[in-house]
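*Asks:* If you scroll down you'll find the structure; I have some questions about it.
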Amino acid sequence: MAVLSIEPLQQKEKDPPDADMPSHLAPLLLISPLSADTAGATPRYYQLYQRIKFLILNNQLQPGAKLPSTRALSCELALARNTVLRAYEQLQAEGFIIATPRGSVVSEVLAGDELSAGEITGPRYRLSLRGKQIAAEAAPSAPGKCHPGIPCLSAFPTTRWRRALLSASRQVQYCQESSPAGDIALRTAISHHVAFTRGVKCHPGQIVITEGSRQAFQLCLTLLTDAGDRVWMENPGWSGVKTAMHTANVKLIPVDVDEQGLAPPAALWQQETPRLIYTTPTHQYPTGAVMSMQRRQTLLHQAIQRGAIIIEDDYDSEFRYHGAPVPAMQGQMQNAPVIYIGSFSKTLFPELRVAFMVFPTALLALLNVPLQRLLNGGPSRHIQLTLADFIRAGHFATHIGKMRKLYRQRRQALSAGLLGLCPRQYALSSQPCGMHIILYFLQRRDDVDVVRRLRHRGITPIALSTLYHGAARRYGLLLGFGNISVDEISRLIPHIQRALNTMEGDQLPAP
Ligand SMILES: Cc1ncc(COP(=O)(O)O)c(C=O)c1O
């Protein structure tokens, strides 16, 4: 390439000889021709500016390197001189080059490694401590076979649902905003359903529709806690709530559970007085324990005395396979200090993203807040009307009845298969309810490793130890039976057995 001369950007003087000019600059700038200055296109001067800037940031033009004069470069690139001049002016204005008596040179300050790496490969992002914690706790995506909590999707009454969707599409006015708390038709249908099936005491005005239970928890945390407030949570417990708590900056107090459910030591009420208490009394997640009547009463009375609110997560109590359903704690006394949360994720399907909360009437009076904004609009009105229709027509109750029978068979098949594994090493959860079984390890073993091995086979139980806050007390596998047929269960048992057998040598040191 011809040796080009340099011209300072501001003073017009004769171009000095240009020995320092990087000989590769013009070919690099010409890798593809600059497009013409047509309407809507990026102006040529700006394209040139971007290319030189890229070379600087990429260290192909190093600090101190001298640029060709505007005249030389304009000849080399067959551009008007003013075009090059404007590009240099822009680079100079942004500090990428400086004008010196020698000509324009690449600035020392800007072309450091950090900046170049940042601009070329994208900025160096960093998660907050909270973000890191949430990311570390995130469950692996893409649930496979035996993933807990997934209902039988193939048994979903799609034709009935489609009919309800169609009928809702005739009613819905697409530009009309729904009520902030949700569509009144759905709230009414839910209030009848939960009064009848769960013993919940409420009128439709107490109900708020949310996009899943997680949003309901977030709403509770947003409206009822300040940073640092104590929130009790069952230990082990559902990780979905933990995530919501991290984002709310509250102080999470893990409270042990036993065979009667949440078991707070008496002193804890005073030492760590809660603002909120999260509990799953009718079917503790994950252990399945049912909270005894005595515990419920103590919890309700203590909560009233201490000004705490109980959040009752009633996520899958429809599925009880022996005896009558256990009623909700909310309906156990008039004006119970309870926010009841129900979800359609297990009874219908998780992608529906519809849950609901029942607020105590006294709290409702304070709820004159822009719920719509807090709930990000809530679930679509079309879906709400569809669901209202589906419940009113009796399809929801019929579906639950059918699923209860189906899940009972699947649960039996899974228990029988698991009981065939070495009984001296494992025990099964005994509660006849829900959509998963726990295979407890009788010794302290690495359940996370077993899950990792099973994942390769498309089987995704949850490791019990991961549901503890802090050190795990028990180890085992949560195996879902909702979305797996009896035949599939018998085919999977040998894989589970093999994964457990490989665990033999991986025994963890005693705690
Ligand atoms: C304990 C518990 N509560 C509630 C839910 C439902 O959550 P969502 O309504 O956000 O799907 C789940 C789902 O996995 C759960 O495990």
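*Asks:* Please list 3J(HN,Hα) in residue order for the range 300-316, calculated via the Karplus relation 6.51 cos²θ - 1.76 cosθ + 1.60 where θ = phi - 60°; whole Hz, with x for glycine and proline.
*Replies:* 5, 5, 5, 4, 4, 4, 9, x, 9, 10, 8, 9, 9, 8, 9, 7, 8
*Asks:* Which entries in LYS145/LYS405; LYS201/LYS402; LYS346/LYS405 show an alpha-carbon gap greater than 24 Å? Before the final figure, lay out each step's value.
*Replies:* On the way: LYS145/LYS405 20 Å; LYS201/LYS402 26 Å; LYS346/LYS405 15 Å.
Checking Cα-Cα distances, LYS201/LYS402 exceed 24 Å.
*Asks:* Can you tell me which of 179-189, 416-426 comes out highest on packing, and rank the rest after it, using the mean Cβ neighbours within 10 Å?
*Replies:* 179-189, 416-426
*Asks:* Given 0.36 nm per residue, what is the gain on full extension from CYS422 to GLN92 after removing their alpha carbon distance, in nm? All intermediate terms of the calculation are to be shown ahead of the outcome.
*Replies:* On the way: separation 330, 0.36 × 330 = 118.80 nm, distance 7.56 nm.
Additional length available on full extension: 111.2 nm.
*Asks:* Taking amide H atoms as placed 1.01 Å from N in the peptide plane, list the residues 5 or more away in sequence, or in a different chain, whose amide H sits under 5 Å from that of SER104.
*Replies:* GLU7, LEU67
*Asks:* Please enumerate, by chain and number, the lysines with C-alpha under 18 Å from the C-alpha of LYS242, excluding those fewer than 8 residues away in the same chain.
*Replies:* Within the straight-line cut-off, LYS242 pairs with LYS132, LYS251.
*Asks:* Something else now. Please work out how much length the chain gains when fully extended from ASP449 to LYS251, using 0.36 nm per residue of separation minus the C-alpha to C-alpha distance, in nm with one decimal.
*Replies:* Additional length available on full extension: 68.2 nm.
*Asks:* In square nanometres, what is one fourth of the surface area of the convex hull spanned by the alpha carbons of the range 153-393?
*Replies:* 13.1 nm²
*Asks:* Also, I was wondering about something else. Mind ordering 210-216, 343-349, 318-324, 265-271 by average Cβ neighbours within 10 Å, highest first?
*Replies:* Listed from highest to lowest mean packing, they are 210-216, 343-349, 318-324, 265-271.
*Asks:* Related question: What is the distance, in nm, between label points placed 7 Å from the Cα along the Cα-to-Cβ direction at SER154 and at ASN368?
*Replies:* Those two pseudo-labels are separated by 5.5 nm.
*Asks:* Work out how much length MET293 to SER169 would gain on full extension: take 0.36 nm times their residue separation and subtract the Cα-Cα distance, in nm to one decimal. All intermediate terms of the calculation are to be shown ahead of the outcome.
*Replies:* Values: separation 124, 0.36 × 124 = 44.64 nm, distance 4.48 nm.
Roughly 40.2 nm would be gained on extension.
*Asks:* Give the Kirkwood hydrodynamic radius (Å, one decimal) of the chain, defined as one over the mean of 1/r across all pairs of different Cα atoms. If you can, show how the numbers build up before the last one.
*Replies:* Details: mean 1/r = 0.0363 Å⁻¹.
Across the chain, the inverse of the average 1/r is 27.5 Å.
All of the numbers you see were taken from the coordinates with simple rules; none came from a lab. What you see is a predicted model, and the numbers here were worked out from it, not measured in a lab. So basically every Cβ, Gly included, is an ideal-geometry build from the backbone, and we count neighbours across all protein chains shown.
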